[in-house]
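Take a look at the structure below.
The values are calculated or read from the model by the stated rules, or taken from the named source; none is laboratory data. A quick note: this is a predicted structure, and the numbers were derived from the prediction, not measured. Neighbour counts run over all protein chains shown; Cβ positions are idealised from the backbone, glycine included. Side chains are part of the model used for accessible areas, which takes the heavy atoms of the whole protein and leaves out ligands, DNA and RNA. Shrake-Rupley method; radii C 1.70, N 1.55, O 1.52, S 1.80 Å.
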Amino acid sequence: MKGALKSIYYFLPVQLLLLHFRKSQLLLSFWLIVVLTVSGHFAAHFGASTLLLAPEYLGKINFMSMFLLGSAFCVFMMTWHITTFIMHSKRLPYMGATRHAFTVYCINNSIIPFIFLVFYSVVSFRFQWLNEHSKLAKILWLQFGFYLGFITLVLISFVYFFRVSRDFFKTVLSTLAKPSRIRSVIPYDTLDYELDMIPARSFITGRLKISLSEDIAPYHPRVMNTVMRRHHRNVIFAAFFSYFALLLMGAYMELPFFRIPAGSGFLLLFSIFMGFVGAFKYFMKSWEALGWITFALLLSVMVRYKLFDLRSIAYGLNYKTKVNERPNYDYDALRKVFTPQRFLADKKKEEQRLDTWRTLPGKEDSTLVVITTSGGGSRSAYWTFHTLQYIDSLSGGKLFNNTVLITGASGGMIGATYWRSVHDAYQQKVIPTPYDSKYQDNIGKDLLNAIIFSLASVDLISPFNKISIGGYSYTRDRGYAMEQELITNTDGLLDKNIGYFADREAKGLIPQLLINGTIVNDGRKLMMGNQPVGYLTQPEYSLSSATPPIDAVDFSTFFAGKDPGNLRLTSALRMNATFPYVLPVVRLPSEPYINVMDAGLRDNFGAEVASRYVFVMRDWIEKHIKKVIFLEIRDSREFDVCAPSTESTLSNMLVDPLFVIQNKWEVFQSYKLGYLKEYAPYFMNKKLHYVMLSYVPKESNKSAALNFHLTLKEKEDLYASIFNKENQKAVDTVLKLLK
């Protein structure tokens with residue numbers, strides 16, 4: 001038994017595995033991230049696991065998407081072999097005397113890739129069966145596609161390295177056939193020997209047989225190092241293949257054919273990072289720690305002096321102005337723009353708009369509807385659109401006709417905006433009906449694939465990313481990719497600038513849309529719309545104050561000189577849904593720059609804007625309207641926003657107090673909304689009726705994920721939620737109030 005254990009311990013695959021844990025922890029972290037992503041324990045809220053478990057190509061999960069994913073995994077695996085070979089080959093110089101040295105190394109270095117492949121097959125099979133409801137035959141076909149792509153790239157790689165080994169042995173080792181001849185030409189030197197040698201006594205040959213290391217002819221170490229260096233040059237060439245492949249696909253990402261699955265792009269990007277880390281460790285050696293510090297400092301200096309910028313831009317807006325021509329963003333400047341006079345003037349304009357709306361056929365003394373939607377990525381977009389389409393169809397279009405304002409946050413606003421655009425197209429006779437099920441399908445299409453692919457192929461590596469929109473030149477990034485995908489998914493109905501809807505909003509033909517964002521600089525709200533909303537930028541009680549608390553910015557007014565009406569509707573929606581890291585922070589052309597992120601950071605339910613709107617318009621409503629419906633559509637139940645946590649582990653005790661605000665942000669806002677709903681009816685003389693519809697998953701612990709991708713199971717769960725007893729009761733309430 002002792003001898004058997006000793007043989008296993010000194011077996012080269014085992015020794016390499018132990019070596020990686022001793023010397024290559026940073027490289028192992030890439031494998032760890034991939035494993036945690038597949039298992040759903042890394043970036044689960046972003047839906048990262050679906051990128052690898054349900055890859056999409058040309059909008060479908062099919063044989064080709066799995067083939068491309070398998071090919072990309074092979075590139076990732078080969079980069080792992082290449083990087084560790086360059087770093088550790090000096091510790092096994094005898095390997096240079098074997099035919100096809102790199103191939104032999106890969107075979108012996110495959111314990112981790114082999115374990116991962118088994119793990120991936122089990123998890124992906126289960127995911128496709130439970131979440132995508134795929135049949136057994138399709139799952140097996142998809143698995144075959146993955147492994148065919150993997151094996152194809154393996155064969156191509158090894159054919160290349162076979163040729164490299166053969167050519168080099170012909171030109172070098174054939175002339176130095178005997179160790180004795182080498183010793184007569186090149187004397188031994190103590191520097192020729194690596195002190196940290198791998199004590200392997202056996203290894204797997206290229207013919208998959210176990211051989212003893214001592215059976216290899218003892219060529220001189222310098223010749224072995226020469227052989228290895230030749231391999232290094234060739235394997236580095238293979239590493240550059242990943243970079244140029246992504247660069248090429250990024251340059252032509254507008255063509256669907258070149259847009260490989262995001263999971264594939266993710267793996268290729270990791271291949272580049274792994275190769276960079278390996279090269280850094282190889283060349284810096286004992287100076288590695290100082291090298292990383294220097295690299296971080298250089299990166300910081302480059303950002304400081306604007307050699308590159310990690311922020312995005314809002315497409316359609318004019319950025320081509322000098323610094324002194326940009327609007328100043330500070331309190332004094334805001335106070336000069338959003339004055340009490342503007343507050344009253346904008347309020348008067350809104351009352352005139354409502355007067356126009358009220359004079360349309362069927363609107364006399366009618367019910368007024370204000371719609372708010374919650375954030376929640378694609379699940380909220382899907383749920384919001386389905387809810388609005390469902391109620392509107394039952395009411396015969398009365399819900400849309402009686403709605404004067406739509407506001408909210410993140411994914412919910414994407415769904416509500418699409419609902420308004422569908423109805424607008426119907427009114428203008430572009431489409432035959434707003435109730436076609438294809439519109440529901442469109443809003444549920446994937447957005448994450450385009451975002452992650454752009455991150456991998458454009459944002460981080462490509463210098464060729466300029467585009468022209470609305471007469472202005474911009475930088476292309478994953479924000480642009482998200483917008484283009486959203487436009488494609490919605491059949492072009494969202495391919496408009498916000499000014500396109502201004503006239504029809506002013507005439508009351510369609511609801512006013514207020515798309516929000518959170519200004520990172522100071523926490524103020526950014527409100528993007530066509531109608532002037534100075535009356536929403538500060539509380540009414542502060543109009544007589546010399547220093548009013550201006551807590552919001554009217555985008556169109558503040559950026560009046562920057563062509564605000566030309567802002568793409570999708571850019572406004574993206575700013576409204578800029579989830580940290582998934583999408584880049586957007587900078588707006590002020591001095592200093594206004595940085596905008598997800599509206600949910602400030603108001604995840606749209607309650608602040610809608611409540612203030614109803615309060616400011618209370619006199620007009622009291623005079624002209626009998627009933628006001630405050631329709632709240634949210635992706636979580638009011639009493640069940642977040643599962644309670646307990647400090648039962650050491651990590652909970654250390655982490656919970658530090659991140660309580662981030663982890664419970666939505667919970668705090670939901671409780672605050674309860675106070676607003678309690679007080680608001682009193683200033684409306686009980687004309688205000690709150691109606692809430694919430695997404696209720698069939699299984700309380702298995703709700704749809706918060707990201708930009710929905711599985712088939714999640715779509716079915718969201719679709720069925722409208723038939724929940726609580727929601728059906730709310731639907732009946734809305735229909736009665738609309739009569």
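Annotations for the structure displayed:
- Computed magnitude of the charge dipole of the stretch 1-148 (debye, nearest 20; Cβ of K, R +1, Cβ of D, E -1): 520
- Cleavage-rule hits, trypsin sites (Lys or Arg not before Pro), the stretch 56-157, DSSP coil, Cβ neighbours within 10 Å at most 12: Lys135
- The fraction of accessible area contributed by carbon and sulfur in the stretch 340-419 is 49 percent, rounded to a whole number (1.4 Å probe; ligands and nucleic acids excluded).
- Ligands, DNA and RNA are left out, and with a 1.4 angstrom probe the accessible area of the stretch 490-602 is 29 Å² per residue.
- Probing with 1.4 Å while keeping every protein chain in the model, the per residue accessible area of the stretch 274-370 equals 62 Å².
- Separation in nanometres of the label points that stand 7 Å from Cα toward Cβ, at Ile550 and Phe283: 5.0
- Portion, in percent, of the accessible area of the stretch 498-604 that falls on carbon or sulfur, probe 1.4 Å: 57
- Straight Cα distances below 29 angstrom link Lys285 to the lysines Lys23, Lys90, with same-chain residues fewer than 8 positions distant left out.
- Between Met1 and Lys138, the contour length at 0.36 nm per residue exceeds the Cα-Cα span by 44.7 nm.
- Arg207-Ala44 FRET efficiency (beta carbon distance; Förster radius 60 Å; 0.05 resolution): 0.90
- Cα centroid separation - the stretch 502-570 against the stretch 261-339, whole Å: 29
- Less than 5 angstrom separates the built amide H of Val586 from those of Ser312, Val596, all sequence-distant by 5 or more or on a different chain.
- Å² per residue, accessible surface of the stretch 1-46 at 1.4 Å: 58
- Accessible area ranking (1.4 Å probe, heavy atoms, ligands and nucleic acids excluded), largest first, for Glu351, Glu726: Glu726, Glu351.
- Expressed as a whole percent, the accessible area of the stretch 11-53 that falls on carbon and sulfur atoms is 75 (1.4 Å probe).
- Accessible area (Å², 1.4 Å probe, nearest 10) - Tyr671: 130
- Label-to-label distance, nm, for residues given as Leu310 and Phe119 (7 Å Cα→Cβ offset): 2.8
- Going by accessible surface with a 1.4 Å probe and the largest first, Tyr390, Tyr9, Tyr435 read Tyr9, Tyr435, Tyr390.
- For Ala333 and Ile111, the FRET efficiency from 1/(1 + (r/R0)^6), where r spans their Cβ atoms and R0 equals 45 Å, is about 0.10.
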